[in-house]
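Undergrad: Before I ask anything, here is the structure I am working with.
The values are calculated or read from the model by the stated rules, or taken from the named source; none is laboratory data. Not measured: the values here are computed from a predicted model. Reconstructed Cβ throughout: ideal geometry from the backbone, glycine too, with neighbour counts over all protein chains shown. These accessible areas exclude ligands, DNA and RNA; they are computed on the full protein's heavy atoms, side chains included. Shrake-Rupley method; radii C 1.70, N 1.55, O 1.52, S 1.80 Å.
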Amino acid sequence: MRLYLVHGCPFAHRASLALQEKRIAFEPVFFQQGKRPPELDELGINAKSPTLFDGDVRVWDSQIVLEYLEDRYHDVPLLPVLADLRARVRMLATLVAQELGSPLGTAAAEIVYKPQPDEARVADARRGFLAKLDAWNQRLAGREFLVGDALSLADVTLYTVFPAMERLTGVQIPVEHAHLRAWHDRIASRPSAQLLQPASSSTP
Ligand SMILES: N[C@@H](CCC(=O)N[C@@H](CS)C(=O)NCC(=O)O)C(=O)O
């Protein structure tokens, strides 16, 4: 199995975290932002970071990759069994994209893609990001994981925005959000959560 990815990409981070939690051996194939290799190019414009090559199967887009891994590899599930909890995981993943992915995307668009970032837009993105953290902190009060009693795709999706936002803007989870910080640190300490480095290969 091969995972095509851009180093530091939060979407690819979700895929590498899930693969490692599921103990699936894979080879990371790094490419530069804006320079997709021909094998991705020929899959069309959606084959970005991450794209998974699993035998003859090609899967692009992080949420689809996560769902594919879940459907195909059951030994270590990252979705609960009960339908209501599965729906909750998916709703929380959607909320992450709306509330935190959106300011993260704005910051990335300014800092990664523009030679001269618009500092006002970056500051706005930081403010927007921080403003949403209280609700996530409350969701984690008294809980080890966002949904149920095991790591799920909701945790994977939420966690990966933090290292990306910190790398781009220096934003960290403020100390007053103690539940969120403690949850973050627990996930960060899992070997699966370590960001893959271009020189490394992964065979759990
Ligand atoms: N919606 C996609 C977004 C993927 C994405 O935009 N990845 C960026 C890096 S974080 C990328 O591959 N950019 C490379 C390019 O556009 O050439 C997902 O969730 O996988």
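Undergrad: From the list 64, 111, exactly one residue is without any contact (Cβ under 8 Å) to a residue 40 or more places away in the chain and hydrophobic (A, V, I, L, M, F, W, C). Which is it?
TA: Numbers: 111 fails: without any contact (Cβ under 8 Å) to a residue 40 or more places away in the chain.
From the options 64, 111, the qualifying one is 64.
Undergrad: With the structure loaded, tell me whether residue 199 is of a type outside the set (D, E, K, R) and open to solvent by less than 50 Å² (accessible area, probe 1.4 Å) or whether it fails that test. Give the steps one after another, and end with the answer.
TA: On the way: of a type outside the set (D, E, K, R): yes; open to solvent by less than 50 Å² (accessible area, probe 1.4 Å): no.
Answer is no for this residue.
Undergrad: For the subset of the range 5-39 comprising residues that are within 13 Å of residue 192 (Cβ to Cβ) and not hydrophobic (A, V, I, L, M, F, W, C), which member is surrounded by the fewest Cβ atoms within 10 Å (Cβ to Cβ)?
TA: 23
Undergrad: Can you tell me how many residues within the range 132-189 are surrounded by 15 or more Cβ atoms within 10 Å (Cβ to Cβ) and part of a loop (DSSP other than H, G, I, E, B)?
TA: Here the count works out to 12.
Undergrad: Now a separate question. Residue under question is residue 86, and the condition is that it be within 12 Å of the ligand (Cβ to nearest atom), open to solvent by 60 Å² or more (accessible area, probe 1.4 Å) and without any contact (Cβ under 8 Å) to a residue 40 or more places away in the chain; does it hold? Reasoning before the result, please.
TA: On the way: within 12 Å of the ligand (Cβ to nearest atom): no; open to solvent by 60 Å² or more (accessible area, probe 1.4 Å): yes; without any contact (Cβ under 8 Å) to a residue 40 or more places away in the chain: yes.
In short, no.
Undergrad: Oh, and also: Take the residues in the range 10-47 that are within 8 Å of the ligand (Cβ to nearest atom) and without any contact (Cβ under 8 Å) to a residue 12 or more places away in the chain; name whichever of them is farthest from residue 165 (Cα to Cα).
TA: So the residue we want is 35.
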